[in-house]
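All remarks here apply to the structure that follows.
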Amino acid sequence: MAVTNGQISFWWQQIGLPQQRASLPGSIEADVAIVGAGFTGLWAAYYLKKAQPDARVVVLEQRFAGYGASGRNGGWCVNSITGGRERYLHSHGTDAVVAFQQAMNDTVDEVVRVAAAESIEADIRKGGEFNVAYTPAQAARMRAFHEAEAHWPGADVQLLTAPEAAARINVANALGATWQPHCARVNPAKLASGLAAVVEALGVQIYEGTTVTQISSGQVQTDFGVVRAPAIIRATEGFTANIRGEHRTWLPMNSSMIVTEPLPPQTWAQIGWGGAETLGDYAHVYMYAQRTADDRIAFGGRGVPYRYGSRVDADGLTQQRTIESLTDLLRRFFPAAAGAEIDHAWSGVLGVPRDWAATIGFDPSTGLGWAGGYVGTGVATTNLAGRTLADLVLRRDTELTRLPWVGRKVRKWEPEPLRWLGVQAIYAAYRAADRQEAAGRATTAPVARIADLISGH
């Protein structure tokens, strides 16, 4: 059976591509202009209108709401602090980091709550995050991770033996796993589509098919006119490189996914996976997966990580060798599913700051705000960003606006060809490390530690 390649994502194909909303009709004025109708922009619009119903909020989108990473990701609504907690210890202290983690834990529940309250049917089910180790080096990293997490309130990570891990999700030859409860599986396109409809019903104007070319204090320039607003939010994540002056702000990292045909009950009886856990691993070039609501396995990984010159998107088109490598890894994980057909493959871009940690901010003097750089953890983090941006725009001093990621400044990525060469070298090193460890190396390969230093991760 032929694999559907691209066409945005399986998630969108499953529910049908939306009819594009009208483009910007010409130059207009607003109270808040939001550039980008992904999760960040939609959540910011939602909380702004909830807090101030009479605010004139406009969202500008080049394609359609949820077209980018918001409608293509692995569907992990997880509590991860992008970039890790440790980077904030010296600058903000332990209490601030603990508060950040609690905010992320609460955010997972907030997404679930809003979806239920607004009748957004997005296949959300909270089953926790399950990460498996299947080489001795991965098992060593897993144990070290669990030991470090045990010192943090709110981490709630449990270490599972090999039999305990297999009883939850039967990954072939697993040596153990960790599980933590703060993660929900979701169909991201359903969530994006439903959220867009909700904010429209609140009175937000979403203009699609509208390309933003430049953002400056007080105005957004588009191909259909200028939007003037005292507050402007840049919520373009992996597509930020397309905006004038922002080419080196965040690196657009490519990630790819495949999804199987629906698997029969006898296959699931061998695999297990009845608790809606999201599935990851302790490899350097890590994978991510979920059991979908219609009993498929959606399985993702890096593929071709970066295109020269920060080029982004080809409507999700994925290279054949990436499809084959993901398929091989899926079958290595689940021999019981080795005969399953792959129905769909797709790719998308996510934003990566130079230090691999998400940022958010708002400058009252210019009226310019931003959020992004989620490095793949955006399904939950975008909700926290949306709530925080609403508070910042409305000049509220809240617990959210005092979190340590607010107002962080990150240096730009190197110019080409250094950017391309660096990313290629980093991922070649990580793949080499995974090969060495799969061959039996008991500790983390030194080449991976060198790649960590170079990447700033």
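The values are calculated or read from the model by the stated rules, or taken from the named source; none is laboratory data. Just so it is clear, the structure is predicted and the values come from calculations on it, not from any experiment. As a convention, Cβ positions derive from the backbone with ideal geometry for all residues, glycine included, and neighbour counts pool all protein chains shown. These area figures cover heavy atoms from the full protein model, side chains too; ligands, DNA and RNA do not enter into them. Shrake-Rupley method; radii C 1.70, N 1.55, O 1.52, S 1.80 Å.
Here are a few things to note about the model shown:
- With respect to being surrounded by 23 or more Cβ atoms within 10 Å (Cβ to Cβ), in contact (Cβ under 8 Å) with a residue 12 or more places away in the chain and within 30 Å of TYR134 (Cβ to Cβ), GLU261 falls outside the description.
- Boolean, SER347 is in contact with a strand residue (DSSP E or B) (Cβ under 9 Å, 6 or more places away or on another chain), on the phi < 0 side of the Ramachandran plot, of a type in the set (Gly, Ala, Ser) and at pLDDT 95 or above: yes
- Among residues of segment 283-317 being surrounded by fewer than 17 Cβ atoms within 10 Å (Cβ to Cβ) and closer than 27 Å to TRP268 by Cα, the one that is nearest to the chain's Cα centre (by Cα) is TYR286.
- Only a single item in (1) touching a Pro at 6+ places or on another chain (Cβ under 8 Å); (2) of a type outside the set (Gly, Ala, Ser); (3) closer than 28 Å to HIS247 by Cβ; (4) open to solvent by 40 Å² or more (accessible area, probe 1.4 Å) is not met by VAL352, and it is number (4).
- Subset of segment 296-316 [of a type in the set (A, V, I, L, M) and at pLDDT 95 or above]: ILE297, ALA298
- The one condition from (1) surrounded by fewer than 19 Cβ atoms within 10 Å (Cβ to Cβ); (2) closer than 19 Å to GLY303 by Cα that LEU394 does not meet is (2).
- Candidates are the residues of segment 152-169 that are loosely packed, with under 14 Cβ neighbours inside 10 Å and in a loop (DSSP other than H, G, I, E, B); the one that is farthest from the chain's Cα centre (by Cα) is THR161.
Conditions tested, residue by residue: (1) free of Cβ contacts under 8 Å to residues at least 60 places away in the same chain; (2) small (Gly, Ala, Ser).
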| site | (1), (2) |
| --- | --- |
| GLY272 | no, yes |
| ALA283 | no, yes |
| ASP328 | yes, no |
| ALA338 | yes, yes |
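- For segment 127-144, the tally of residues that are out of contact with any helix residue (DSSP H, G or I) (no Cβ under 6 Å at 6 or more places or on another chain), more than 25 Å from ARG291 (Cα to Cα) and among the hydrophobic types (A, V, I, L, M, F, W, C) stands at 2.
- Boolean, VAL98 is surrounded by 22 or more Cβ atoms within 10 Å (Cβ to Cβ), out of contact with any Lys or Arg (no Cβ under 6 Å at 6 or more places or on another chain) and at pLDDT 95 or above: no
- Count of residues meeting criterion [surrounded by 24 or more Cβ atoms within 10 Å (Cβ to Cβ) and on the phi < 0 side of the Ramachandran plot] in segment 235-251: 7
- Leading residue by the ranking (surrounded by the most Cβ atoms within 10 Å (Cβ to Cβ)) among those in segment 361-388 that are of a type in the set (A, V, I, L, M, F, W, C) and farther than 25 Å from LYS126 by Cβ: TRP370
- Unmet requirement for HIS90, which otherwise passes all of (1) crowded, with 17+ Cβ neighbours inside 10 Å; (2) out of contact with any Pro (no Cβ under 7 Å at 6 or more places or on another chain): (1)
- Here GLY361 fulfils each of the conditions (1) without any contact (Cβ under 8 Å) to a residue 40 or more places away in the chain; (2) closer than 30 Å to ASP397 by Cβ apart from (1).
- Here GLY238, GLY275, GLY225 are screened, and the one residue that is more than 21 Å from VAL352 (Cβ to Cβ), modelled with pLDDT under 95 and small (Gly, Ala, Ser) is GLY275.
- Residue satisfying all of: in segment 11-64; of a type in the set (D, E, K, R) and not in a helix (DSSP H, G or I); surrounded by the fewest Cβ atoms within 10 Å (Cβ to Cβ) among these: ASP54
- Count of residues meeting criterion [in contact with a Gly (Cβ under 7 Å, 6 or more places away or on another chain), hydroxyl-bearing (Ser, Thr, Tyr) and not in a loop (DSSP other than H, G, I, E, B)] in segment 287-331: 2
- Enumeration of residues in segment 327-339 that are open to solvent by 10 Å² or more (accessible area, probe 1.4 Å) and either of a type in the set (A, V, I, L, M, F, W, C) or closer than 18 Å to ASN5 by Cβ (or both): THR327, ASP328, LEU329, ALA336, ALA338
- When GLN214 is tested against (1) open to solvent by less than 50 Å² (accessible area, probe 1.4 Å); (2) in a strand (DSSP E or B), exactly one condition is not met: (1).
- The residues of segment 101-145 that are open to solvent by 50 Å² or more (accessible area, probe 1.4 Å), touching a Pro at 6+ places or on another chain (Cβ under 9 Å) and outside any helix (DSSP H, G or I) amount to a single one, LYS126.
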